[in-house]
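Peer 1: Here it is, the structure in full.
The values are calculated or read from the model by the stated rules, or taken from the named source; none is laboratory data. From a predicted model like this one, the values you see are computed outputs, not experimental measurements. Here Cβ is always computed from backbone atoms with ideal geometry, including for glycine, and neighbour counts include all displayed protein chains.
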Amino acid sequence: MSLKPKSAEESKAEMTVRMFPSDANPAGNVFGGEILKQIDLIAGLVAQRHSKKNAVTASIDRVNFLKPVLVGNALILNAKLNYVSKSSMEIEIKVEAENLLTGIRTLTNTAYVTSVALDESGKPTDVPPLLLVTEDDKKRFAQGEQRMLQRKRERKHE
């Protein structure tokens, strides 16, 4: 059965979460683990939107912590598919912290998450191909493909 290609626009997601003292250390800096949790949640949402299947995280890599997120900030996550292979999908996430008093947004994190779609028996299953609409889509796909190949090379050496 051939699956109909879908664009990255069809599955992209934005999520906003307010950060509270329970999300942070005593100095008011939000825990990296809390940010990773939110990254994982939005990546799963994008993967399921694209595949219409149960999707699980296979890897989170290249997480860059650029600036701190503080208690009281709104954490704004934007996620979009870069690359799709047979059953796996690379999702790029950009995270910003918004100071709700000033409205200033600061890029705080970037990450790449690989999700795998699973069938009813828990085995990897085919996902729709990624429809490349714009030049940016084509560039992101090619870069994502290179990262996937690099991940495979690194796994062979483990």
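Peer 1: Can you pull out every residue in the stretch 139-151 that is loosely packed, with under 12 Cβ neighbours inside 10 Å and either touching a residue at least 24 places away in the same chain (Cβ under 8 Å) or over 20 Å from Pro129 (Cα atoms) (or both)?
Peer 2: Hit for the stretch 139-151 is Gln150, nothing else.
Peer 1: Restricting the search to the stretch 36-48, which residues are over 18 Å from Asn109 (Cα atoms) and loosely packed, with under 15 Cβ neighbours inside 10 Å?
Peer 2: none
Peer 1: Which condition number does Glu135 fail, the rest of (1) modelled with pLDDT of 95 or more; (2) farther than 22 Å from Met19 by Cα; (3) within 16 Å of the chain's Cα centre (by Cα) being met?
Peer 2: Glu135 satisfies every listed condition except (3).
Peer 1: If you scan the stretch 125-151, which residues turn out to be among the polar types (S, T, N, Q) and part of a helix (DSSP H, G or I)?
Peer 2: Scanning the stretch 125-151 gives Gln143, Gln146, Gln150.
Peer 1: Of the residues Val95, Val113, which single one is under 15 Å from Ile42 (Cβ atoms) and in contact with a Leu (Cβ under 6 Å, 6 or more places away or on another chain)?
Peer 2: Answer to the selection: Val95.
Peer 1: Within the stretch 78-87, does at least one residue satisfy the condition of being among the charged types (D, E, K, R), closer than 22 Å to Asn54 by Cβ and without any contact (Cβ under 8 Å) to a residue 24 or more places away in the chain?
Peer 2: Within the stretch 78-87, not a single residue is among the charged types (D, E, K, R), closer than 22 Å to Asn54 by Cβ and without any contact (Cβ under 8 Å) to a residue 24 or more places away in the chain.
Peer 1: To continue, here is another question. Being of a type in the set (S, T, N, Q), closer than 15 Å to Thr16 by Cα and surrounded by 14 or more Cβ atoms within 10 Å (Cβ to Cβ) is the filter here; which residues of the stretch 65-108 pass it?
Peer 2: Asn73, Asn78, Thr106, Thr108
Peer 1: If Val113 meets every condition in (1) without any contact (Cβ under 8 Å) to a residue 12 or more places away in the chain; (2) in contact with a helix residue (DSSP H, G or I) (Cβ under 6 Å, 6 or more places away or on another chain) apart from one, which number is that one?
Peer 2: (1)
Residues checked against (1) touching a residue at least 24 places away in the same chain (Cβ under 8 Å); (2) surrounded by 14 or more Cβ atoms within 10 Å (Cβ to Cβ):
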site: Ala8; (1), (2): yes, yes
site: Glu14; (1), (2): yes, no
site: Met19; (1), (2): yes, yes
site: Glu34; (1), (2): no, yes
site: His50; (1), (2): yes, yes
